[in-house]
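Peer 1: One structure is given below, represented as structure tokens, and several questions about it will come after.
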Amino acid sequence: MLIKKEKNIAKTLLVLYNEERKIPLRSKQMLFNSYIFILFFLPVTLLGYYGLHKCGRHTLAKIELVLMSLWFYGYFNPSYLWIMGSSICVNYVLSQLLQKKWKLDKRRLVFLKRGLLTAGLAFNLGLIFYFKYYDFFVDNLNKAFSASFELKHIILPLGISFFTFQQVSYVIDSYKGETKEYNFVDYALFVTFFPQLVAGPIVLHNEVLPQFADRKNWKINSDNMSYGLYVFSAGLLKKVIIADTLSKAVSWGYGNVDAGITSMEGILMMLSYTFQIYFDFSGYSDMATGLGAMFNIKIPMNFNSPYKAVSVVDFWNRWHLTLTRFLRTYVYFPLGGSRKGTVRTYINIIIVFLVSGLWHGANWTFIFWGFLHGLANAFTRMFKKQWGRMHTALQWMLTFLFVNITWIFFRAESISQAWSVIKTIFSFQNLNVRAGMLNQFQLKEISMLYNHIPGVNDIVSSIRGFDALLFLGGCLFICLAFRNNQEKPFRPTVSIALATIIFLVWGILSLSGISEFLYFNF
């Protein structure tokens, strides 16, 4: 009886946590920014992969990479390996059937292929619906009809949206006859390759599988390895030092919204989340790119300095590029794209962004965030000439302001809470900032630096909120002044080697606790 009571209490606490944060509680994960990944998993996987290739065991090398990727995924929760395994098997069989040269007349062949495609879409979308949206759907059904259907409180499997969308694209391409016949090991490697498994990018089969088949990629390439280590280290620093520090200010702010925050605290909270999600996603994208390069695999760019955007359209040409590509190819174009008139084009754009919002999470805040971006995208296209006449600086400021405000809906726990934060910010009634907020920006490394420089500490102490000003100002400077790591030409030099060592050591020494990437929740 006591054990049952304890289980119920634990379940209740889990549910409350999920409802409060809109994200699943995960007891343990093998994160890119963790000791076990950096110091054990990665070197062991690299040694096994290249060692087997050197011994001429090329198929075994791929199998080793698949098994290590499955361990990486299952480290979070081994019970969810059956979901991924079932998904891989079902989609592989369906794609093979779609690629098969059936000896049927055209009418029966079309009927068969459409049936297989429908089955594939139903399976994949049904999988996402059950694990990601079932409780959301039932909860809203209960509210709308005063019903009392039981919620299942399902913990979201890690990365299900990413590996499912990736396989949806493969099934659809198989239906179109745009895929080659791959064996099961190759297909499993396409889905499970751990650098892009849990948070993207959403890669296409023709982007990675030919690279794994290329013989020159079967041995260590010193240029790719040095580039991979450099980019991985830069991403680690973005995540651990910048994004994780900003997350403290964001958590403090939203934790005090109900009790009351000042306008200036709301502004700091808004900017902190704007830069947190930027450096969190940018850091992950860099680390994924770097890891791919270590295996001689070029992963497609997924993040291209989005805060340099001068319109909402430009923003979405820079933010989460592979998701944008997927939605354009497999949602926007099938809806008719821009081929069915101006009004239908704008409707299609809004539908795509509603899907994007829903993809990000089972909450009305995500859907409304997507709707706002859809409207802004449509209006920007509608008034393209008028927008183009404005000065570039004004275009950037309006775009950046819009992105900041809409991120509030993305992060808030409800639409009403988001409106409350926005009203507080634009009331400008109280510009004071409490010590609790300012203390979140303190970085011990920076404090140690200016504490040991004569005279600097006195100046810093006289400026209230210096750490916050330095942190947020520095974030904006980095966003605007530097090019994407994938855009810059790379040459292994002594300075690059030193930077890699500093970034990596600083990042490893700063690792503490569980700090998952925001996009792991989508």
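The values are calculated or read from the model by the stated rules, or taken from the named source; none is laboratory data. Note that the structure is predicted; figures quoted are calculated from it, not measured. Note that we place each Cβ from the backbone using ideal geometry, even for glycine, and neighbour counts take in every protein chain shown. Side chains are part of the model used for accessible areas, which takes the heavy atoms of the whole protein and leaves out ligands, DNA and RNA. Shrake-Rupley method; radii C 1.70, N 1.55, O 1.52, S 1.80 Å.
Peer 1: Carbon and sulfur: what percent of the chain's accessible surface (1.4 Å probe)?
Peer 2: 65 percent
Peer 1: So what's the gap between the Cα centers of segment 139-218 and segment 51-79, to the nearest angstrom?
Peer 2: With segment 139-218 and segment 51-79 each reduced to a Cα centre, they are spaced 18 Å.
Peer 1: Any chance you could get the radius of gyration and Dmax over the Cα atoms of segment 97-169, in Å?
Peer 2: 17.6, 54
Peer 1: With a 1.4 Å probe and every protein chain left in place, work out the accessible area per residue of the chain in Å², rounded to a whole number.
Peer 2: So the chain comes to 48 Å² accessible per residue, rounded to a whole number.
Peer 1: Can you bin segment 300-349 into rounded, prolate or oblate? Criterion: square roots of the alpha carbon gyration tensor eigenvalues sorted a ≥ b ≥ c, rounded for a/c under 1.5, prolate for a/b above b/c, oblate for the rest.
Peer 2: oblate
Peer 1: Highest mean first, how do 257-270, 99-112, 177-190 rank when packing is the count of other Cβ atoms within 10 Å averaged over residues?
Peer 2: Top of the packing list down: 257-270, 177-190, 99-112.
Peer 1: Determine, for each peptide in 153-161, 58-66, the mean count of other beta carbons within 10 angstrom over its residues, then list the peptides with the highest first.
Peer 2: Answer by packing, highest mean first, reads 153-161, 58-66.
Peer 1: Could you sort the peptides 284-296, 422-434, 358-370 by per-residue average Cβ neighbour count (10 Å cutoff), highest mean leading?
Peer 2: Ranking the peptides 284-296, 422-434, 358-370 by packing returns 284-296, 358-370, 422-434.
Peer 1: Which distance in Å, rounded to a whole number, links the C-alpha centroids of segment 235-260 and segment 408-428?
Peer 2: Going from one Cα centre to the other spans 16 Å.
Peer 1: Still on this structure, I have one more. Normalised radius of gyration for segment 240-305, please: alpha carbon Rg relative to 2.2 N^0.38 Å, two decimal places.
Peer 2: Taking the Cα Rg and dividing by 2.2 N^0.38 Å, one obtains 1.46.
Peer 1: Whole number please: convex hull volume per residue, Cα atoms of segment 198-259, in Å³.
Peer 2: Spread over its residues, the Cα hull of segment 198-259 gives 106 Å³ apiece.
Peer 1: Moving to a separate point now. For the chain, divide the Cα radius of gyration by the Kirkwood radius and give the resulting Rg/Rh value with two decimals.
Peer 2: For the chain, the value is 0.97.
Peer 1: So, one more: So who's got an amide H within less than 5 Å of the one on PHE303, skipping anything under 5 residues away but keeping other chains? H placed 1.01 Å off N, in plane.
Peer 2: Hits under the 5 Å cutoff: LEU321.
Peer 1: For segment 157-268, what's the radius of gyration and Dmax over Cα atoms, in angstrom?
Peer 2: Values for segment 157-268 (Cα only, Rg and Dmax): 20.7, 61 Å.
Peer 1: Let me make sure I get this right: for segment 36-111, a, b and c are the square roots of the gyration tensor eigenvalues over alpha carbons, sorted descending. Under 1.5 in a/c it's rounded, otherwise prolate if a/b > b/c, else oblate. Which is it?
Peer 2: Oblate shape, in that a/c is at least 1.5 and b/c is the bigger or equal ratio.
Peer 1: For the residue pair THR59 and PHE137, what label-to-label distance in nm results when each label sits 7 Å from Cα along the Cα-to-beta-carbon direction?
Peer 2: Label-label distance for THR59 and PHE137, simple model: 4.1 nm.
Peer 1: For n ≥ 4 DSSP H runs only, could you compute -39500 (n - 2.57) per run for the chain, divide by its residues and tell me the 222 nm figure to the nearest 500?
Peer 2: Theoretical 222 nm ellipticity from helices: -21000 deg cm²/dmol.
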